[in-house]
Amino acid sequence: MKHLRKIVLSTVVTAVIATPVYAEKPFEDQIKARQGYYQMLKFNFGQLAAMVKGKKEYNAEQATTAANNIYSLSKLNNGMLWPKGSDNSQLDYTKAKPGIWENFPDVKEKSGNWKAAVETLAGEAGNGLGALKSSFGPVGKACKACHEEYRAK
Ligand code: HEC
């Protein structure tokens, strides 16, 4: 028993000493990168939202640029940004819920639906305000569908 305590204690001491060397904030780089990725999406999506809501005049060239940026972002392989354990059950600097790693097929499906909607948007955004409006809605819904399930409030 005494021996076991010693082992446990020395393990704890090692962990405390070792932790700052490896990572003060585990997965900080990955989490920052994926949050930055979403900020890029948000900015471009916001440009389109302003046109859809009539806060900004529709401009075919700008709409195409923003939609193509979203499309390009949707083509990135972000697999490395989602290491196991980088969820909000352990870390307070991410809003990613553990469900992402538990229900991966569903995440993939939601992500696939989103990508399909984005592809349509990229094809339609430059074809007039009506075409932008009808292709913008499904993308917004797809962003929301994932957030409702996998992003903390
Ligand atoms: C397949 C799931 C999924 C889809 C689709 C998705 N998101 Fe997210 N989003 C997340 C998750 C998970 C987070 C939390 C990331 C974190 O904090 O580590 C997040 C975070 C964000 C954030 C906050 C970033 C920050 O700075 O903390 C914004 C803004 C955002 N998403 C916008 C969007 C927009 C706009 C779309 C659609 C154009 C979208 N997201 C589509 C899952 C998704």
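Given the criterion over 12 Å from Ala63 (Cα atoms) and of a type outside the set (D, E, K, R), identify the matching residue among Gly126, Gly137.
Being over 12 Å from Ala63 (Cα atoms) and of a type outside the set (D, E, K, R) holds for just one of Gly126, Gly137, which is Gly137.
Of all residues in segment 95-129, which are under 18 Å from Asn44 (Cα atoms), within 11 Å of the ligand (Cβ to nearest atom) and open to solvent by 80 Å² or more (accessible area, probe 1.4 Å)?
Lys115 - this is the single residue of segment 95-129 that is under 18 Å from Asn44 (Cα atoms), within 11 Å of the ligand (Cβ to nearest atom) and open to solvent by 80 Å² or more (accessible area, probe 1.4 Å).
Do you know which residues across segment 79-116 are assigned to a loop (DSSP other than H, G, I, E, B) and over 14 Å from the mean Cα position of the chain (by Cα)?
Selection gives Lys84, Gly85, Ser89, Gln90, Leu91, Asp92, Asn103.
Is it the case that some residue within segment 130-148 is modelled with pLDDT of 95 or more, more than 11 Å from the ligand (Cβ to nearest atom), over 29 Å from Lys25 (Cα atoms) and of a type in the set (A, V, I, L, M)?
Scanning segment 130-148, I find at least one residue that is modelled with pLDDT of 95 or more, more than 11 Å from the ligand (Cβ to nearest atom), over 29 Å from Lys25 (Cα atoms) and of a type in the set (A, V, I, L, M), so the answer is yes.
Among the residues of segment 81-120, write down those that are among the aliphatic types (A, V, I, L, M) and within 30 Å of Ala63 (Cα to Cα).
Of everything in segment 81-120, those that are among the aliphatic types (A, V, I, L, M) and within 30 Å of Ala63 (Cα to Cα) turn out to be Leu81, Ala96, Val107, Ala116, Ala117, Val118.
The values are calculated or read from the model by the stated rules, or taken from the named source; none is laboratory data. Bear in mind the structure is a predicted one, so any value in this text is a computation, not a measurement. For neighbour counting, all protein chains shown are included, and Cβ atoms are generated from backbone atoms with ideal geometry for every residue, glycine included. Just so you know, the surface numbers come from the protein's heavy atoms only, side chains and all, with ligands and any DNA or RNA stripped out. Shrake-Rupley method; radii C 1.70, N 1.55, O 1.52, S 1.80 Å.
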